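Comments concern the structure below.
The values are calculated or read from the model by the stated rules, or taken from the named source; none is laboratory data. All of these numbers come straight from a predicted model, not from anything done at the bench. A quick note on method: Cβ atoms are made from the backbone with ideal geometry, for glycine too, and the neighbour counts reach across all protein chains shown.
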Amino acid sequence: MSEDTNIVPFHQPGSVLDPLTEIAREGARRMLMAALKAEADSFVAGFAEDLLLDGRRRVVRHGAGPEREIQTGIGPISVQRPKVRDRADVPADAKIRFSSAILPKWARRSKSLDALLPALYLRGLSTGDVQDALAAILGAEAPNLSPGVMSRLTAGWQDDLDRWQRRDLSARRYVYVWADGVYLQARMEPQADCMLVILGATPEGKKERVGFQVGVRESAQSWRELLVDLKVRGLKVPPELAVGDGALGFWKALDEIFPGTRHQRCWSHKIANVLDTFPKSMQPAVTSDLREIHHAETRAAAAVAIETFAEKYGVKYPRSVTCLTKDADALLAFYDFSADHWDHLRTSNPIESVFATVRHRTVRTKGALSQKTAKLMVFTLVQAAAKTWRRLKGANHLPRVIEGVTFTDGVATTGDTESRAA
C-alpha cells in the first residue's frame with residue numbers, strides 16, 4: 001500500500017486510537033536505532049588500528065540482525081541489532097565479538113517491565129489478568145506477556161530463590177557486610193513479618209547478596225538462624241566489619257556466630273534516632289552538628305565533636321546525648337579502616353538504596369496477597385537491582401584489610417611507613 005493512499009482502516013473494537021503514543025513510539029524507535037548504531041560504531045572504532053596482513057581493518061560493521069519487537073513501557077518497538085564482524089582467520093573462541101549493552105542479544109522486554117511484572121503479581125493480579133491490565137499501554141496483543149509467560153516467570157522466581165538459598169558459600173569471602181530488616185505486610189496474614197537481608201563486599205570490591213530470609217521481627221533468634229545457615233553452607237571466614245542499625249538482635253547473634261567481626265553502627269539510623277529527641281525547629285541545626293562528628297577527619301576530632309555536642313545539648317536534652325554516646329565506639333569504628341571505604345561503611349545505605357524501590361512500588365507491600373508473593377516480588381526486584389550495584393571505592397585496599405594491615409584514621413601503617421588510603 002502506498003503512503004499517499006486514501007484508505008483509512010476501521011477502528012477495531014477494544015483497541016485505543018492514540019496518535020500521541022504512536023508518535024512517541026516512533027521517536028523512541030529512531031532514537032534506539034541511532035543509539036545502537038553509535039554503540040556499534042564506537043566498538044568498531046576501538047579496533048581501528050587492528051589490521052589484517054593485506055591492510056584491511058580486522059573489525060568492521062556487518063549489517064544488522066533480523067527485526068524484532070521489544071516490549072517497553074510505551075508498547076512494542078521494532079528494532080534491528082547492529083552486527084560486527086571479525087575478519088581475522090582465527091579460531092572461533094579467539095574472535096572479537098560485539099555484545100550490545102543497550103540491547104542484549106536475547107532481550108524481549110525492557111528492564112523496567114521486568115521490574116513491573118513482579119510488582120503486578122504482588123498487587124494481586126493473576127497470571128491471566130496481566131495481559132488485560134497492560135493492554136492499554138502495550139497494545140492488545142502484548143506479546144511476551146501472555147499468561148503462559150507469566151506462569152513461567154513466577155515459577156522461575158521461586159526456583160531462583162530456592163537455588164540461591166541453597167548455593168555453596170565455601171569459596172566466598174566477604175570483607176564487609178551490611179545487615180537490615182525490611183517489614184512485609186500481606187493482606188492474608190495477621191501480622192507483618194520481617195525480611196532479614198545481608199549484603200557483602202568481596203575482596204574485589206563487588207557487592208553481593210549474601211543472606212535473605214523471613215524472620216520474626218529482628219529478633220536475635222531470627223538473625224542467628226540466618227547466620228548459622230550461611231556458616232553451614234561454607235561461609236567460615238568472618239567478615240572484618242558489619243554495618244547495621246541499633247537492632248540488638250543482630251549484634252547479639254553476630255557475636256555468637258562470628259565473634260571476630262567488628263561492629264559499625266549506621267549513622268543514618270543514629271541521626272534519625274537522635275533527631276527524634278529534639279523539636280522539629282531544632283533538627284536542621286542538630287543535623288549539622290551530627291554531620292560534623294561523622295565527617296571529622298580523625299577519630300580524635302570526632303570524639304571532641306561528640307563532647308561538644310554533649311556540652312551543648314546535655315542539660316536540656318539529656319536523652320539525645322545518651323542516645324548518641326552509648327554507641328560511640330561502634331559509631332567510630334570506620335576510622336580503623338581505609339579512608340576510601342568510609343562512605344560505604346558509615347551507613348547501611350547499600351541495603352537502604354536497594355529497598356527504596358521496593359518500598360516505593362509496594363507501599364511496604366500492603367497490597368500483597370500473601371507472604372509468598374511478597375517474598376518473591378522483593379527477591380526479584382533485589383535480583384534486578386543487583387545488576388547495577390557499583391563496586392566499592394578503593395577496592396585495591398581490600399586485600400590489605402584482609403591481611404590485617406593496621407589503619408589509623410584511614411591511614412595504612414606498615415612497619416615504619418605510612419601511606420594515605422587514597
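One line per residue, one yes/no per condition, for (1) assigned by TED's automatic domain parsing to the domain that holds Thr325; (2) within 18 Å of the chain's Cα centre (by Cα):
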| site | (1), (2) |
| --- | --- |
| Tyr176 | no, yes |
| Gly200 | no, yes |
| Val216 | no, no |
| Ser219 | no, no |
| Arg224 | no, no |
| Val243 | no, yes |
| Leu248 | no, no |
| Thr261 | no, no |
| Ala272 | yes, no |
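Yes/no per residue for (1) crowded, with 22+ Cβ neighbours inside 10 Å; (2) modelled with pLDDT of 90 or more; (3) closer than 20 Å to Ala179 by Cβ:
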{"position": "Pro318", "(1), (2), (3)": "no, yes, no"}
{"position": "Ala328", "(1), (2), (3)": "no, yes, no"}
{"position": "Asn349", "(1), (2), (3)": "no, no, yes"}
{"position": "Ala356", "(1), (2), (3)": "no, no, yes"}
{"position": "Gly367", "(1), (2), (3)": "no, no, no"}
Selection status of Thr287, assigned to a helix (DSSP H, G or I), over 33 Å from the mean Cα position of the chain (by Cα), surrounded by fewer than 16 Cβ atoms within 10 Å (Cβ to Cβ) and of a type in the set (Ser, Thr, Tyr) | no
Please enumerate the residues belonging to the stretch 56-87 that are in contact with a His (Cβ under 8 Å, 6 or more places away or on another chain) and buried (at least 19 other Cβ atoms within 10 Å of the Cβ).
-> Val84
Would it be correct to say that Gln383 is modelled with pLDDT under 90 and closer than 23 Å to Arg173 by Cβ?
-> yes
Which condition number does Val216 fail, the rest of (1) surrounded by fewer than 21 Cβ atoms within 10 Å (Cβ to Cβ); (2) of a type outside the set (Asp, Glu); (3) closer than 23 Å to Leu345 by Cα being met?
-> (3)
